[in-house]
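Below: the structure, in structure tokens.
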Amino acid sequence: MRTFTNSLFALLFASLLIVGCGGESADTSAAAETADQSAEAANSGAIVIEATDMLQFSVTEFSVTEGEEVTIILKNVGQMAKEMGGHNLVILTEGDVQEFGVAAASASATGYIPADMEAWVLAHTELLGPGEEATLTFTAPAAGTYDFLCSFPGHFGTMRGVMTVEAAM
Ligand SMILES: [Cu+2]
């Protein structure tokens, strides 16, 4: 951890030097970006996703590493009653997100997770009402891309995204 922090400082210092020298190097933004991402990872860990009344997820793309323990915190920051417009987060391991979303609409009895499609689900939260939050933890599966959605009826059109799993070094 210390080594990591040191290298982060070195990176910040290096980018300050570049800025300080008035260099027009394109490396400046790349270095800053890398530092940002490292800082994010250092804060560790949890990926926080907010779900809104505007039917949006605040995060629609994120990356994890194969075999990593992933923690996602879903926060429903909306005010819509749960029965009218609750939100969940469902990460699919296979299958078509559109097909899942359509089938989920008539699966209210099972929390909008179609019973015959459970094999498609890598992980999911419960349906959240306004102000509620849920934590999802799972081990990142094999490298690849995985769709996620809110499976409340009518939400998946806009409430969806992609989790990228990168191969472990
Ligand atoms: Cu939703």
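The values are calculated or read from the model by the stated rules, or taken from the named source; none is laboratory data. If you're wondering where the values come from, they're calculated on a predicted model, not measured in any experiment. Ideal geometry is used to build each Cβ from the backbone, glycine not excepted, and the neighbour counts take in all protein chains shown. To get the accessible areas, we keep the full protein, side chains included, count just its heavy atoms, and leave off ligands, DNA and RNA. Shrake-Rupley method; radii C 1.70, N 1.55, O 1.52, S 1.80 Å.
Quick rundown of the values:
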| item | result |
| --- | --- |
| Matching residues, segment 94-134, being among the aromatic types (Phe, Trp, Tyr), within 19 Å of the chain's Cα centre (by Cα) and more than 19 Å from Thr60 (Cβ to Cβ) | Trp120 |
| Complete set of residues in segment 89-124 that are away from the ligand (no atom under 12 Å from the Cβ) and of a type in the set (Val, Ile, Thr) | Ile91, Thr93, Val97, Val102, Thr110, Ile113, Val121 |
| Hits in segment 134-152 - residues which are loosely packed, with under 15 Cβ neighbours inside 10 Å and outside any strand (DSSP E or B) | Ala142, Ala143 |
| Subset tally (residues that are open to solvent by less than 40 Å² (accessible area, probe 1.4 Å) and either farther than 19 Å from Ile113 by Cβ or more than 8 Å from the ligand (Cβ to nearest atom) (or both)) for segment 77-88 | 1 |
| Long-range neighbours under 7 Å by Cβ, at least six apart or interchain, first residue at positive phi within segment 67-87, second more than 13 Å from the ligand (Cβ to nearest atom) and not in a loop (DSSP other than H, G, I, E, B) | Gly67/Thr139 |
